[in-house]
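The values are calculated or read from the model by the stated rules, or taken from the named source; none is laboratory data. No experiment lies behind these values; they were computed from the predicted model shown. Positions of Cβ are backbone-derived with ideal geometry, glycine not excepted, and every protein chain shown enters the neighbour counts.
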Amino acid sequence: MTIVNENDDPDKRTLSPSDWFRRIGLRFDPYVHLEASSDPYLSEYTVNLEIFRVALDNKPTIIVAPPGGGKTAMRVAVTRTCWFDIGGTYPFPLPYNLGMAPLTGKPPTATQHLHLLLEAGTCALLTGLAFRPERLLRTSDATIRATAAILRAGLPGPLDYYLTMLRETGTPAGLTPLLERTYALTAPPPPDVVNLFCNALADPGTDAMRGQAEDVFQAFAETVTGALGFSHILLLIDGIDAMYENQADARFASTWVFDLFDRAEAWVRSNTFIKLFIPDLMEPAVTGYLHHYTIAARVAHIVWNHDLLVSMLRKRISAASEERFESLDAISTPALTDVERQIVANLPPLPRVALQVTRQALLRYAARLENGGQLDEDDIHHAIAWYRHHAAQRTQPPASRV
Amino acid sequence: MALTNPPVYRPDLFVNRKQEIETVNRALQNIARGGGDAEQVRTIVFRGERGLGKSWLALHLHRSVLREEAPRMLPDYRIVSLFVSLSPPPEGLTVDEREWHITHDDAHRIAGEDETHYEALLQKLVAWVAEQLGITRAPYAPVRDLSAWLAQDVKQKLESEPHLVICLILDSVFETNWSFLDQLERYLLAAFAALPRILIVMTGRGRPYLWKSPYLRTEREEQSLTPFSVEQVVEQIRRSFGNAPNLSPAVAGLSDEALTRLARRVIDLGGGYPLTNELLASAFVRQALDRLPEGGSLEQALDRETIDASVLENVANRLLEVVPGDQRHSLDEIFNALCVLKDGFRENEMPYLLAALRNTQPEGSAYTIAAMRELRDRLIETNLVRWQDKRYVLDEAVRTVLEQYLKLQRRDVWRRLHACAADLYATWAQKYPGSRGYFDQRAVYHRSILGEDAAHSDEQRGRSL
């Protein structure tokens, strides 16, 4: 174990996670991933299952949460869940990150949206199929050719380039950072099946599908929900608050999605459903627009309260310990019970904050693991004090130059 | 005294579980008639301790309820039930139609985490499921291909046959190695859970597995099976005695009152768990018959009979036979040490109770928190210990018998353990004022157990004088 103590500040310590978490009975650090797309275990500890179902179903929906309230985590969990099995009837997750739109300072036009959606959709489809080639290989030659044509029309680079890369590496893992980061799927196929998949798609007689973006997207939707067997398409739209120009003005930010909602009803007919993830500040502008133009969409809120936060922290410890224990109580002194509740009771109800503080408490405890001992009240108090100290620093006005 | 083997499942021996059967029937009706209702229950999980009759319930659902009751309830529907057991069949059980039981060899390889074997086994299972549903394509294809085909073929079958309802029953799920369950979900369950008109019923003991599919997590109902009441134990032993080979005709003539008295004593000793009920009732009767003088009354003999410690020891051994052989001996001690903690425990109690059992002080490397955590993990691996509501609990069926055995055979040790627990909790009540109420309550409980025992001993001593 590598432990460097620096002024007894847990924030400054460097620990080897593979060592100390294993020693308290965990197979991974359950509180380390504040950025959902990098968390390989995310779908194991999803709470808020009602919202999860809403995010998966076949109805246009706006999902509202405060910043740090778990929107991205929900989107990533939905994506990975849909591809968990090999070839079933789950929805097709199409992650559309508005933060990746060209930096023009203006909202994309309807046509630009379609181009971007097609690009995002084909990136997701190629990556997903590379992890689950059996889904494509079970279809007819005509479907395989149609899929190749759509991929050639939508991908940001030549299909053959990605297929060559796949062949050379023998694994689809290399496509994920290149095409769609949330598609960090598990259980890749063996290299010989990857090769078969590449051969099937690389038919030299297949050109890129021609036509308007709208027609190509329609063909994409029909193939995905038809021969490829997905029940429907989820347009998982996120990242609207990630752009600098949108952060100051919620009304302006909302205009980035109005054009998308104008197509919502037509998309429903193609089994394609908008799932828009927005920060709570944008809700009035977006719902006002929908109301004004009588566009049907349900609004769901990710609401964090102390009970749900406790449940989230426990679900994580439960997954990390392979259900050996469901609470940090299990490794605490007799004096300490309801550890998670003691933590969240003193914090704002945001998952990111609860994760950070819980991890601080564990880091402090881990620093004295070698001497035996258990998680104690001091660890909790220090972690909460650590958070308050940092929160206070963030809210302090800059020092005057006078 | 050696125990007789409990009978294998037969529909005429099955008692109780009306509520559980009703749950399945209700879910089936909703699935058949309910369309795409998001609130539908499409997965039912029956959980329970060792010997609580989970496998009997699963078999009864498959062989009786879904074949006979359910078709009467849904006459317009074709109900296809598939039974998959992840534990090998008990000796004497005849494998019936649409039943797949894992073999001893496969179970052994899964328990040994032989991951290279998982795909081959799941290939066989997925091919079997396809065959049962009449949608076989290429039975020797790799499991990934079979799985991809199965999902779409079952979907098409359900679309082409709108009055088909499929029920997939999985027995002994949570006891199975979790890395195997990950693949079972990936290749079979996740796809089935997303399809309409499929009901999944699972049984399991110990830590519940965290499924990835939201359909297995949200559209589900979970029920804990409960031990039998006196009336149910009477019915259980009446049916069992009626079908037991080589039992004296006098047993069949036992009155309702005699059976009720016997059932009460069985519950006092074993807690009302069906497997324990069967073993204890049978042992009581055989012991009484062995000692019965010619022409004597079996009912009177039964009332006089006290159970031999060896019988309890054998029952405990039978319950603990799910613990791998190489672990049994080393875990016996900690099971005994913890069996007096009816309310559960955390790692904090473990060194004190273990030391009390050994009649020593909890000092040295054998009693460190690290050593206790290692021991705790081994206990959890047996699926006879699980985290429940802020504490670890021993499987209650096992705990009850172990404590009764300890009390009967090693009374001094049993008293020492209760005294240790009483002192420990009293000390903690003083030391940790935030939890004083809880610790005081535990201390009072252990003192009251010791007090009752002392009073009982005095009473017996008085009688003998």
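Quick notes on this structure:
- Scanning region B:85-108 turns up no residue that is of a type in the set (G, A, S) and over 23 Å from the mean Cα position of the chain (by Cα).
- Restricting region A:374-388 to residues that are free of Cβ contacts under 8 Å to residues at least 40 places away in the same chain and either touching a strand residue (DSSP E or B) at 6+ places or on another chain (Cβ under 7 Å) or over 23 Å from A:P66 (Cα atoms) (or both), the residue that is surrounded by the most Cβ atoms within 10 Å (Cβ to Cβ): A:D379
- Number of positions in region A:361-390 that are away from chain B (no Cβ under 14 Å) and either assigned to a loop (DSSP other than H, G, I, E, B) or hydrophobic (A, V, I, L, M, F, W, C) (or both): 8
- Qualifying residue in region B:16-35 (condition: surrounded by fewer than 21 Cβ atoms within 10 Å (Cβ to Cβ) and part of a loop (DSSP other than H, G, I, E, B)): yes
Yes/no matrix, rows are residues, columns are (1) assigned to a helix (DSSP H, G or I); (2) within 26 Å of B:V143 (Cβ to Cβ); (3) within 13 Å of chain B (Cβ to nearest Cβ):
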position	(1), (2), (3)
A:A146	yes, no, no
A:P156	no, no, no
A:Y162	yes, no, no
A:L166	yes, yes, no
A:A173	yes, yes, no
A:A184	no, yes, no
A:P188	no, yes, yes
A:N195	yes, yes, no
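- Test: residue in region A:152-174 that is of a type in the set (K, R) and free of Cβ contacts under 8 Å to residues at least 60 places away in the same chain: yes
- Complete set of residues in region B:126-172 that are within 34 Å of the chain's Cα centre (by Cα), surrounded by fewer than 20 Cβ atoms within 10 Å (Cβ to Cβ) and in contact (Cβ under 8 Å) with a residue 60 or more places away in the chain: B:L164
- Filtered by the rule that a residue be part of a loop (DSSP other than H, G, I, E, B), in contact with a Ser or Thr (Cβ under 9 Å, 6 or more places away or on another chain) and aliphatic (A, V, I, L, M), region B:67-94 gives a lone residue, B:L86.
- Candidates B:T368, B:T360: the one that is surrounded by fewer than 21 Cβ atoms within 10 Å (Cβ to Cβ), hydroxyl-bearing (S, T, Y) and more than 13 Å from chain A (Cβ to nearest Cβ) is B:T360.
- Taking (1) within 11 Å of chain A (Cβ to nearest Cβ); (2) touching a Ser or Thr at 6+ places or on another chain (Cβ under 8 Å); (3) within 17 Å of B:Q40 (Cα to Cα) in turn, B:E185 satisfies each apart from (3).
- Among the conditions (1) free of Cβ contacts under 8 Å to residues at least 24 places away in the same chain; (2) farther than 24 Å from B:L280 by Cβ, B:E321 misses just one, which is (2).
- Test: residue in region A:271-282 that is in contact (Cβ under 8 Å) with a residue 12 or more places away in the chain and on the phi > 0 side of the Ramachandran plot: yes
- Residue identified as under 26 Å from A:V339 (Cβ atoms), among the small types (G, A, S) and free of Cβ contacts under 8 Å to residues at least 60 places away in the same chain among B:A422, B:A455, B:A370, B:A366: B:A370
- Qualifying residue in region B:443-457 (condition: part of a helix (DSSP H, G or I), within 14 Å of chain A (Cβ to nearest Cβ) and either buried (at least 18 other Cβ atoms within 10 Å of the Cβ) or aliphatic (A, V, I, L, M) (or both)): yes
- Inside region A:339-372, residues that are surrounded by fewer than 22 Cβ atoms within 10 Å (Cβ to Cβ) and either of a type in the set (S, T, Y) or free of Cβ contacts under 8 Å to residues at least 12 places away in the same chain (or both) make up a count of 4.
- Any hit, region A:113-126, residues being within 29 Å of B:R186 (Cα to Cα) and within 14 Å of chain B (Cβ to nearest Cβ): no
- Any hit, region A:180-191, residues being surrounded by fewer than 18 Cβ atoms within 10 Å (Cβ to Cβ) and over 24 Å from A:I233 (Cβ atoms): yes
- Yes/no for A:V310 being within 14 Å of chain B (Cβ to nearest Cβ), in contact (Cβ under 8 Å) with a residue 24 or more places away in the chain and within 18 Å of A:G68 (Cα to Cα): yes
- Scanning region B:185-195 for residues that are within 13 Å of B:L122 (Cβ to Cβ) and surrounded by 22 or more Cβ atoms within 10 Å (Cβ to Cβ) yields B:R186, B:Y187, B:L188, B:L189, B:A190, B:A191.
- Count of region B:140-165 residues, restricted to those that are more than 14 Å from every other protein chain (Cβ to nearest Cβ) and touching a Leu at 6+ places or on another chain (Cβ under 8 Å), is 2.
- Residue list for region A:283-301, filter: over 23 Å from A:P91 (Cα atoms), surrounded by fewer than 18 Cβ atoms within 10 Å (Cβ to Cβ), in contact (Cβ under 8 Å) with a residue 12 or more places away in the chain and among the small types (G, A, S): none
- Test: residue in region B:413-434 that is under 19 Å from A:T333 (Cβ atoms), crowded, with 16+ Cβ neighbours inside 10 Å, facing chain A (nearest Cβ under 10 Å) and β-branched (V, I, T): no
- Every residue from region A:69-99 that is of a type in the set (A, V, I, L, M) and assigned to a loop (DSSP other than H, G, I, E, B): A:I86
- Search result, residues across region B:196-234 that are within 20 Å of B:L52 (Cα to Cα), crowded, with 17+ Cβ neighbours inside 10 Å and away from chain A (no Cβ under 14 Å): B:V201, B:M202, B:T203, B:L225, B:P227, B:F228, B:Q232, B:V233, B:V234
- Test for A:G157: is it touching a helix residue (DSSP H, G or I) at 6+ places or on another chain (Cβ under 9 Å) and either β-branched (V, I, T) or closer than 28 Å to A:H113 by Cβ (or both): yes
- Listing of helices (runs of 4 or more DSSP H) fully contained in region B:349-441 that carry 1 or more residues being in contact with a helix residue (DSSP H, G or I) (Cβ under 9 Å, 6 or more places away or on another chain) and within 24 Å of B:P208 (Cβ to Cβ): B:350-358, B:369-381, B:396-409
- Filter result for A:P66 (modelled with pLDDT of 65 or more and away from chain B (no Cβ under 14 Å)): yes
- Residue check for B:L375: over 21 Å from B:L319 (Cα atoms), more than 16 Å from the chain's Cα centre (by Cα) and not acidic (D, E): no
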